[in-house]
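Undergrad: Pasting a structure here, questions to come.
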Amino acid sequence: MPIKVEIISPEKVLVSREVDMVVMPGAEGDIAAMPEHAPMMLLLRGGVVSLYENDAVTDRFFVGGGFADMTATRCTILADKAEPVSEISIDNATAQLEALTEAWDKADKSDMSRLDVLQDKILAVRAEIEAGSSH
Amino acid sequence: MASLKELRARIGSIKSTRKITSAMKMVAAAKLRRAQASAEAARPYAEAMRRMLAELAGAATGEEGGPRLLAGTGRDQVHLLIPITSDRGLCGGFNANVHRLTQQTIRRLQSEGKTVKLLPVGRRALNYFSREYSNLIIDKVIGVSGKTVPFSAASSLGDKINALLEAGEIDVCTLVFNRFRNAMTQVPACQQLVPLVMDDTAVKSSASDTAGDVAQYEFEPDEATLLAMLLPKNLQVQIYASLLETAAGENGARMTAMDNATRNAGRSIDSLSKVYNRTRQTNITNELIEIISGAQAV
């Protein structure tokens, strides 16, 4: 029995089709959505969402953080930013990482919420680079 | 009666105006199609976001001291108005409608003794309000309309509002923009962003959803954290939607305005040509009369 997966970025819908399993990067660890999964809402960190059909990965998408809404029959991923892994531009990502690292160095080290935000961004961009280079 | 030369010059200048307006109409029509497509593409995200938020807010209600984006600051003193217009004019009453509605709202709030702050989006709004209310303007955003609207524009605006709210500088935040009904009509409207007004229909539909599958949602991490992450995102999405509607509306309004202008130009060319021809005939007749009467006198 398949599960309907939707990956939606603010600009457009990237995927909307039925697959066997979706593995996504939850903020507290990777998690797989399969049919008959208990309804669940979770926060995503930056990482790769893999779509499985017949025990094989058919598609991989990079998401830069977001939310996922799982029910028994569907899985909706709201990504802040999403693109197929094959289209990742490593040069862009590296430039972003440099800018973020600079921002980190300059940031006020006592402002925890700002540091948290920066750290999440840096981790997301690192994940993007990793995903792009492993392709 | 204007001379023939003057008439010719006027007809010529109206003809070139007509060329410009009809070209602008074509361009606006093409841009409108693109803007509408991107507005439609952005809708699924907003819908999914609304569904999740309704679910979460339902689960998190009853907790005291909810996030400010949802509950507001508990006061109703300082209002932030965000009029959203285009950067360029020549689109009929499109921008003027937003200005008028904003101005009415400012007057109403001020007469109730509230403090009003302005954050105009778009060059037209900035120019208009810096004339009369320059002391109310706290920030501005220009250069987002016209081209394809990047989501980053909405997210930076959302962050600004959030920062103001957290600093306690504003209590209520409202968008004033043109709702896109179709290419011909745009209706100016106010939309309150903070505190969040939950869409009744969204809450109801999610309630009927959950009645269908009996199981309760699990949240990871907990509801409060998730809500704190989701609310700013929702703010951005709502702003993004209104920016897209403004972009589509601007082009729709410009298309209509330019269509009217082209038609008016055609009409005045017609009437001027009539005057021109009649004047020319009168001149010829006059000359003939002069010649004939001269010949008769001999």
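The values are calculated or read from the model by the stated rules, or taken from the named source; none is laboratory data. Not measured: the values here are computed from a predicted model. Note: ideal-geometry Cβ built from the backbone for every residue, glycine included; neighbour counts use all protein chains shown.
Undergrad: Residue check, B:I82 against (1) surrounded by 16 or more Cβ atoms within 10 Å (Cβ to Cβ); (2) in a loop (DSSP other than H, G, I, E, B), all met but one. Which one?
TA: With respect to (1) surrounded by 16 or more Cβ atoms within 10 Å (Cβ to Cβ); (2) in a loop (DSSP other than H, G, I, E, B), B:I82 is out only on (2).
Undergrad: Cβ-Cβ under 6 Å, sequence separation 6+ or interchain: first residue in segment A:10-21 and among the small types (G, A, S), partner crowded, with 17+ Cβ neighbours inside 10 Å. Which pairs?
TA: What qualifies is A:S16/A:E6.
Undergrad: Does segment A:47-68 contain any residue that is in contact with an Asp or Glu (Cβ under 7 Å, 6 or more places away or on another chain), surrounded by 18 or more Cβ atoms within 10 Å (Cβ to Cβ) and without any contact (Cβ under 8 Å) to a residue 24 or more places away in the chain?
TA: Yes, the conditions are met somewhere in segment A:47-68.
Undergrad: Hey, another quick one. Could you list all residues from segment B:99-125 that are charged (D, E, K, R) and either crowded, with 17+ Cβ neighbours inside 10 Å or more than 18 Å from the chain's Cα centre (by Cα) (or both)?
TA: Initial filter on segment B:99-125 (charged (D, E, K, R)): B:100, B:107-108, B:112, B:114, B:117, B:123-124.
Residues satisfying the conditions are B:R107, B:R108, B:E112, B:K114, B:K117, B:R123, B:R124.
Undergrad: Still on this structure: List the strands (runs of 3 or more DSSP E) inside segment A:25-116, counting only whole elements, that have at least 2 residues being away from chain B (no Cβ under 11 Å). Please lay out each step first, then the result.
TA: Values: elements: A:29-33, A:40-53, A:56-70, A:74-79, A:82-84.
Counting at least 2 such residues, we get A:29-33, A:40-53, A:56-70, A:82-84.
Undergrad: Considering segment B:198-223 alone, what residues qualify as being modelled with pLDDT of 60 or more and within 12 Å of chain A (Cβ to nearest Cβ)?
TA: The answer is B:Q216, B:Y217, B:E218, B:F219, B:E220, B:P221, B:D222, B:E223.
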